[in-house]
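Asks: One structure coming up, written as structure tokens, with questions to follow.
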Amino acid sequence: VQLQASGGGLVQAGGSLRLSCAASGRTFSLYPMGWFRQAPGKEREFVSGINWSGDSTSYADSVKGRFTISRDNAKNTMYLQMNSLKPEDTAIYYCARGDRWSTGLSPAEYNYWGQGTLVTVSS
């Protein structure tokens, strides 16, 4: 499988961006999916996860209430709507696939990451 994130860019603090993750193959709907990010000089961190059907989600405390994860299994695509962006949200954002039989709601359940997209939030 290939995971390709897109939608990153430069935005002012308080602005919004919508990231997309397009997956190849025919098994997208079977797997939980998630978003991670890595800021310069920092370790990669879990941002959000969604189960295979899209009816269960989880978020890092730092983005809760501002970010919304969703998926469209018919389009093999996952999304991350990011509102009220802050400079500390600046990072490379990666989409990831979780273990098939997991919920996708915990960062430990992820074992495959795709290419990232850069999000820069200016103050």
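The values are calculated or read from the model by the stated rules, or taken from the named source; none is laboratory data. What you see is a predicted model; the values in this text were computed from it and never measured. We place every Cβ from the backbone using ideal geometry, glycine too, and count neighbours over all the protein chains shown. Protein only, heavy atoms only, side chains kept; ligands, DNA and RNA dropped before computing areas. Shrake-Rupley method; radii C 1.70, N 1.55, O 1.52, S 1.80 Å.
Asks: Can you work out the PRE-style zone for Ser62? Point 7 Å along Cα to Cβ, and I want the residues of region 92-119 with backbone N under 12 Å.
Replies: The answer is 92-93, whose backbone nitrogens lie closer than 12 Å to the label point.
Asks: To continue, here is another question. Would you compute, for the Cα atoms of the chain, the largest minus smallest coordinate along each principal axis and list the three values in descending order, in whole Å?
Replies: 40, 26, 24 Å, listed from the longest principal axis down.
Asks: Using a/c under 1.5 as the rounded threshold, could you call region 26-69 rounded, prolate or oblate? The axes a ≥ b ≥ c are square roots of the C-alpha gyration tensor eigenvalues, and prolate needs a/b larger than b/c, oblate otherwise. It would help to have the intermediate numbers written out before the result.
Replies: Values: a/c = 3.54, a/b = 1.58, b/c = 2.25.
Note, shape of region 26-69 comes out oblate.
Asks: Compare Arg18, Arg44 by solvent-accessible area with a 1.4 Å probe and give them largest first, with all protein chains kept in place. Walk me through the numbers on the way to the answer.
Replies: Numbers: Arg18 130, Arg44 110 Å².
Largest to smallest exposure gives the sequence Arg18, Arg44.
Asks: Once the other residues with Cβ under 10 Å from the Cβ of Arg66 are scored (Lys, Arg +1; Asp, Glu -1), what is the net sum? Numbers along the way, then the final one.
Replies: Numbers: positive: Lys64, Lys86; negative: Asp89.
Charge balance in the 10 Å sphere: +1.
Asks: State the extension gain, in nm to one decimal, for the chain segment bounded by Gln81 and Gln4, taking 0.36 nm per residue of separation less the distance between their alpha-carbons.
Replies: Result: 26.1 nm gained on full extension.
Asks: Follow-up question, since we're still on this one. What distance in nm separates the two pseudo spin-label positions at Gln38 and Ala108, each 7 Å out from Cα along the beta-carbon direction?
Replies: The two pseudo-label positions are separated by 2.2 nm.
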